[in-house]
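Asker: Here it is, the structure in full.
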Amino acid sequence: MPPTPQRLTVSLVGLAAVAASIWVAFEQPYTLWPWLLLLVAMGCAMVARRMD
């Protein structure tokens, strides 16, 4: 069964948050932003997992 468009969108947002977190971590290693972006990514993963 293929994923729904909503689930795909949430997953892509989570993937973009992980990529942004890595980029920000290299640019500004001693800030809180990379961790906040990873929390967003984790939230997207949890939401996508619960979608039907």
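Asker: Where does the chain land at 222 nm, in deg cm²/dmol rounded to the nearest 500, when only DSSP H runs of n ≥ 4 count, each adding -39500 (n - 2.57), divided by all residues?
Answerer: -27000 deg cm²/dmol
Asker: Work the Kirkwood hydrodynamic radius out for the chain: mean of 1/r over every pair of different alpha-carbon atoms, inverted, in Å.
Answerer: That comes to 11.4 Å for the chain.
Asker: Can you give me the angle between helix 33-50 and the longest principal axis of the chain, using Cα atoms only, in degrees from 0 to 90, rounded to the nearest 10?
Answerer: Tilt of helix 33-50: around 10 degrees.
Asker: Follow-up. Using a 7 Å offset from the Cα along the Cα-to-Cβ direction at both Ala25 and Arg7, what is the distance between the two label points in nm, to one decimal?
Answerer: Modelled inter-label distance: 2.8 nm.
Asker: In Å², and per residue, what accessible area does the chain have when probed at 1.4 Å with the other protein chains present?
Answerer: Per residue, the chain has 84 Å² of solvent-accessible surface.
Asker: Let me ask you something else. Tally up the carbon and sulfur contribution to the accessible surface of the chain as a whole percent, 1.4 Å probe, everything protein left in place.
Answerer: 73
Asker: If Lys and Arg each add +1 and Asp and Glu each add -1, what is the summed charge of the other residues whose beta carbon sits under 12 Å from the beta carbon of Gly14?
Answerer: Cβ neighbours under 12 Å give a net charge of +2.
Asker: On to the next question. Roughly how tilted is helix 5-27, in degrees to the nearest 10 and between 0 and 90, from the longest Cα axis of the chain?
Answerer: Once rounded, the angle reads 10 degrees.
Asker: Using only alpha carbon pairs under 8 Å that are at least six residues apart, calculate the relative contact order of the chain and give it in whole percent.
Answerer: Here the relative contact order equals 47 percent.
The values are calculated or read from the model by the stated rules, or taken from the named source; none is laboratory data. A quick note: this is a predicted structure, and the numbers were derived from the prediction, not measured. For neighbour counting, all protein chains shown are included, and Cβ atoms are generated from backbone atoms with ideal geometry for every residue, glycine included. Accessible surface areas use protein heavy atoms only, side chains included; no ligands, DNA or RNA. Shrake-Rupley method; radii C 1.70, N 1.55, O 1.52, S 1.80 Å.
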